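Right, one structure below, let's go through it.
The values are calculated or read from the model by the stated rules, or taken from the named source; none is laboratory data. The model shown is predicted, which means the values in this text are computed figures rather than measured ones. A quick note on method: Cβ atoms are made from the backbone with ideal geometry, for glycine too, and the neighbour counts reach across all protein chains shown.
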Amino acid sequence: MAQAIGASGSTTQSLNIFGQPLTIFGVPVDRDKIFTNHKGIYQKRVEKRQRKLIVKSTFIKFFLHHGERIQCLTTGYSPVSGFERFVTGPAFLFFKRALFIFTDKRILHVPTRFDRSPRSAVSQIMYEDCASLNIKGRSLHVRYKNGQQDIFPFLGRKEKKKIHSLIQALPAVPKEAGRLKGRVFLCPSCTNVLPSRGHRCATCNLAFKSGFQAKLRSILIPGGGYFYNRYPVLAVGIGLAEMGLMLFLTYQTMHIYQGMPASPNWLITAALTLILEKLIVTFHAQEQVKDFVPAEKEFVVRKI
């Protein structure tokens, strides 16, 4: 199920059952494709699912270009490296959730929390910047013209076939077209493209969370990295575990200092456990801020 950009394929066809251009909660959609299955046939259950996903992402209307229409929304996960999977285990299924919005011009990637509420971060993949788009199993494989590539795992089962048909229907794009960029992040306030480095938007000066702050707080404060990334429940749990280990280490050290019987093996085990836990939490906290999440929870959307 591989499809290179520009390759010919069957197009999605459907009867236009809507009389006027359609918007859902103010979000412009492609009326001929948004509520149809992969064969272009309208289905009530497809409409229900798409409307449910749009409710989670109505803010995306501020990011759409003039005349741009949404064709399909689906769930999935952000790219996860093999090392991150090894370090965090199945926890990436909690932290890497995302929504994918397929329009007639690009793919908008929206990192979300476990309940699919957005984390105020948005990135885009322009079709013209892609060398190929492939669906393999339930993963979307994107290879860019600049040589980079991304893999987005576990796309929604209900939309997998439809996404494949949309990819096949993409028009031919010359190799020299596009800006030779990969996936780029957009400012959630002014919607402009963000620089690959730095912690402020060059257009509206919105500040974003930094890897240094995530690292520092993870090391110095029990659960600090997760508090910084706005995961309070997890932060409390991690913080209690870290404080428990610290109290145990303090208790054992005092026993040894006072000449009382203590187990050096338990002391070494607790110390190594705390160090390993700190390393994992610090790494994970730094990974979370790579999505360009605003430093302030509340900010004004002012499209420029």
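Residues in segment 71-116 that are closer than 21 Å to Ala235 by Cβ and within 10 Å of the chain's Cα centre (by Cα): Ser78, Phe95, Lys96, Arg97, Pro111, Thr112, Arg113.
Restricting segment 289-301 to residues that are farther than 12 Å from Gln213 by Cα and touching a helix residue (DSSP H, G or I) at 6+ places or on another chain (Cβ under 9 Å) leaves a set whose member that is modelled with the highest pLDDT is Lys290.
For segment 47-57, which positions are within 23 Å of the chain's Cα centre (by Cα) and surrounded by 14 or more Cβ atoms within 10 Å (Cβ to Cβ)?
Arg49, Gln50, Arg51, Leu53, Ile54, Lys56, Ser57 - these are the residues of segment 47-57 that are within 23 Å of the chain's Cα centre (by Cα) and surrounded by 14 or more Cβ atoms within 10 Å (Cβ to Cβ).
Picking from residues in segment 157-173 that are loosely packed, with under 14 Cβ neighbours inside 10 Å and not in a helix (DSSP H, G or I), the one that is modelled with the lowest pLDDT is Ala172. The set of residues from segment 112-140 being closer than 24 Å to Arg45 by Cα and in a strand (DSSP E or B) comprises Thr112, Pro118, Ile135, Ser139, Leu140. Working only within segment 23-73, note down all residues that are aliphatic (A, V, I, L, M) and part of a loop (DSSP other than H, G, I, E, B). Answer for segment 23-73, where residues must be aliphatic (A, V, I, L, M) and part of a loop (DSSP other than H, G, I, E, B): Ile34, Ile41, Leu64. Just to be sure before I move on: is Gln258 polar (S, T, N, Q), touching a helix residue (DSSP H, G or I) at 6+ places or on another chain (Cβ under 6 Å), farther than 19 Å from Ala295 by Cα and free of Cβ contacts under 8 Å to residues at least 40 places away in the same chain in the structure I sent? Here the answer is no, as Gln258 does not meet what is asked. In segment 157-186, the residues that are outside the structural domain of Ile125 (by TED's automatic domain parsing) and farther than 26 Å from Gln50 by Cβ never reach a residue that is loosely packed, with under 14 Cβ neighbours inside 10 Å and modelled with pLDDT under 90 with C-beta atoms less than 6 angstrom apart, at least six apart or across chains. Of all residues in segment 247-266, those satisfying the criterion of being modelled with pLDDT of 80 or more and among the β-branched types (Val, Ile, Thr) are Thr250, Thr253. In the set Ala235, Ala241, Ala271, Ala285, only one residue is within 30 Å of Asn192 (Cβ to Cβ), assigned to a helix (DSSP H, G or I) and not assigned by TED's automatic domain parsing to the domain that holds Ser81; that residue is Ala285. Are any of the residues in segment 65-73 assigned by TED's automatic domain parsing to the domain that holds Cys130, buried (at least 19 other Cβ atoms within 10 Å of the Cβ), without any contact (Cβ under 8 Å) to a residue 60 or more places away in the chain and out of contact with any Gly (no Cβ under 6 Å at 6 or more places or on another chain)? Yes, segment 65-73 contains a residue that is assigned by TED's automatic domain parsing to the domain that holds Cys130, buried (at least 19 other Cβ atoms within 10 Å of the Cβ), without any contact (Cβ under 8 Å) to a residue 60 or more places away in the chain and out of contact with any Gly (no Cβ under 6 Å at 6 or more places or on another chain).
Checking the stated criteria, Arg143 turns out not to satisfy the condition of being assigned by TED's automatic domain parsing to the domain that holds Ser57, in a loop (DSSP other than H, G, I, E, B) and among the basic types (Lys, Arg). Against the condition in contact with a strand residue (DSSP E or B) (Cβ under 8 Å, 6 or more places away or on another chain) and either over 20 Å from Leu274 (Cα atoms) or assigned to a loop (DSSP other than H, G, I, E, B) (or both), how does Gly198 come out, does it pass? So Gly198 does not fit the description; no. Candidates in segment 84-109 are the residues that are charged (D, E, K, R) and assigned to a helix (DSSP H, G or I); of these, the one that is surrounded by the most Cβ atoms within 10 Å (Cβ to Cβ) is Glu84.
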